[in-house]
C-alpha cells in the first residue's frame, strides 16, 4: 500500500492539511457508497494510509472495513484496522485485527509490535513481552521493539531491566529522544541520580524546549540537594509552560531551601492559582507566609488547607501558632484541641461490625467485668474509664474518671484522662485546666503527653496554651 503521486510528490516533506485529507476521505466514501470500491481500491488504500498518518481514526475504520470486504485476506488492511482500534482505545478489537493480520503474514514485525500494545492495554503483560521478543527474533535491531520492551518493564517497576533495553535503544540510535527521557526516569527511580542527570542531559540536547525534561532534571537536583540548579530547572520549565503547576510548586520548595522566601511565596501563589485544591501547595504557601511574618495571610492559606483536608495536623499547628502570636487565646486553643482530637480519633478503636473482633471483644469483657464489681479502687476506675475511651464513649469515660478523682484527689492519671475526654467533647478550657493539674501532680506525664503528641513539642502554640492559664 504505497502512497501514490496524487498524495505525495518526490519531496519527502509533502504535507496534507486536514481539509485536503477530508476531501480525499469524502471522495473515497462516494466510491464506496456508489459501489465502486473495486475500481478505486488503490485510492482507498492510499487514503487509509493517510488516515493512519494523520490520525483520522473513524474515517480510517470506515474505509478499511470497506476495503476488507473486497480484500479479506490482506494482512496490511487487517494491520491498519488494528492500529486504528489501538488509537481508538478499543484494544480487544485491535488485538483481534492484529491476530488476523499475523495469521496472514506471520513475519510482520510492525504488526507484532502493535499487537503488543493491545496486549499491554488488555493486561496481557506476558503476551506483550512475547510478541516483542518474537519481533526481535526476526529483527534483532528493531529500535521500536527494544524501546517498547523497556516501557513494559518500566511499568512493572523493573527499572534495572528497563534500563538495559533503553540503553540498547540509544546505542542503536543515539537520537532516540524518548529513550533518553525514559532512561532518565528509570535511573532516577532506581536512585542512580548521576546517571539520571546524564540521560536527561542527552534528552534535553535533542529537545531543549521540553518542559517536562527540565522539570524532571530539577527533581533530580532537588534529590541531590543542589537547590540552585533545581530552581534554575524549574524556572526554565515554567518559562516554557507557564501553567506547569508542579514546576511552580517545586520551584517554591527549592526557593525555600535557599531561604528565598519571597520567591518561594510567589511560586507557591502561582501554583495555588493553578490548583487551589492541592493541600500540599496550600500548606506550603501558608507556612511560607508564616516564615515571612505575615500571620494574617498565613491564616488565610491555613484555612484553605483545612478546607481541603480537615485532618491536616500541620495546618492546625501553623494556624494555632499564628493565633497564639496574635494573643487570640480562644482560637489558639481551638486549634490546639483539634490537633489532639485528630490524633486521639486515629488511635481510638472503632467498634467493629464483625463479631469475631478479638480486640473489641476484650474491651467489652473488661467493661462487663468492672461493671459487675463494687468498691473499685482509683486505679481500677482509671482502667475502666480507659476501656470506655477506647470505644469512643467519651461521656461514660469522663464520668468514670470523675469517680476516680473523688476517690483520690492526687490521681494525676485520672485528671489526664478527664482532659482527653473533655477535648473529645469540645470542652476545651476545662480540658486544659485538667491537663495542667495532671502535669503539676506528675511532671512526668507531660513527657508522656508530648511523646503521644510529638507535633506539639516546642511549638509556640503549646507553650502559649500551657502558659496562659
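Only Cα pairs under 8 Å and at least 6 apart count here; give the relative contact order of the chain as a rounded whole percent. Let's see the in-between values first.
On the way: 603 pairs, mean separation 25.1, N = 469.
Worked out over the chain, it gives 5 percent.
Please rank 141, 85, fewest neighbouring Cβ atoms within 10 Å first, as an exposure proxy. All intermediate terms of the calculation are to be shown ahead of the outcome.
Numbers: 141 11, 85 24.
So the residues, fewest neighbours to most, are 141, 85.
Put a dot 7 Å past each Cα toward the Cβ at residue 379 and residue 42; how far apart are the dots in nm?
A separation of 10.2 nm, rounded to one decimal place.
Can you tell me the orientation of helix 329-347 relative to the chain, as the angle in degrees between its alpha-carbon axis and the longest Cα principal axis, to the nearest 10?
70
Would you order 47, 305 from fewest to most other beta-carbon atoms within 10 Å of each residue's own beta-carbon? Please report the intermediate quantities before stating the final value.
Values: 47 29, 305 25.
Sorted ascending by nearby Cβ count, the order is 305, 47.
Mind sorting 54, 462 by how few other Cβ atoms lie within 10 Å of their own Cβ, fewest first?
Working: 54 16, 462 22.
Ascending number of Cβ neighbours within 10 Å: 54, 462.
Tell me the angle of helix 18-33 to the major Cα principal axis of the chain, expressed in degrees between 0 and 90 and rounded to the nearest ten.
Roughly 60 degrees between the two axes.
In degrees, nearest 10, range 0 to 90: what is the angle between the Cα axis of helix 193-206 and the longest Cα principal axis of the chain?
Here the helix axis deviates by roughly 40 degrees.
At 222 nm, what helix-only mean residue ellipticity would the chain give, in deg cm²/dmol to the nearest 500, using -39500 (n - 2.57) for each DSSP H run of four or more? Can you show the working numbers first?
Values: 26 runs with 351 residues, N = 469.
After summing the helix terms and dividing by the residues of the chain, the value is -24000 deg cm²/dmol.
Rounded, prolate or oblate for region 347-467? Axes are the square roots of the Cα gyration tensor eigenvalues, ordered a ≥ b ≥ c, and the cut-off for rounded is a/c under 1.5. Present the calculation step by step, with values, prior to reporting the outcome.
Values: a/c = 2.31, a/b = 1.45, b/c = 1.59.
Judged from the Cα gyration tensor, region 347-467 comes out oblate (a/c at least 1.5, b/c at or above a/b).
Report the full-extension gain for the segment residue 372 to residue 155: residue separation times 0.36 nm, less the Cα-Cα distance, to one decimal in nm. Don't skip to the end; give the middle numbers.
Numbers: separation 217, 0.36 × 217 = 78.12 nm, distance 6.00 nm.
Full extension from residue 372 to residue 155 adds 72.1 nm.
Where a number appears in this text, it was derived from the coordinates with a stated rule and is not lab data. All of these numbers come straight from a predicted model, not from anything done at the bench. Heads up, the Cβs are rebuilt from the backbone with ideal geometry, glycines too, and the neighbour counts pull from every protein chain shown.
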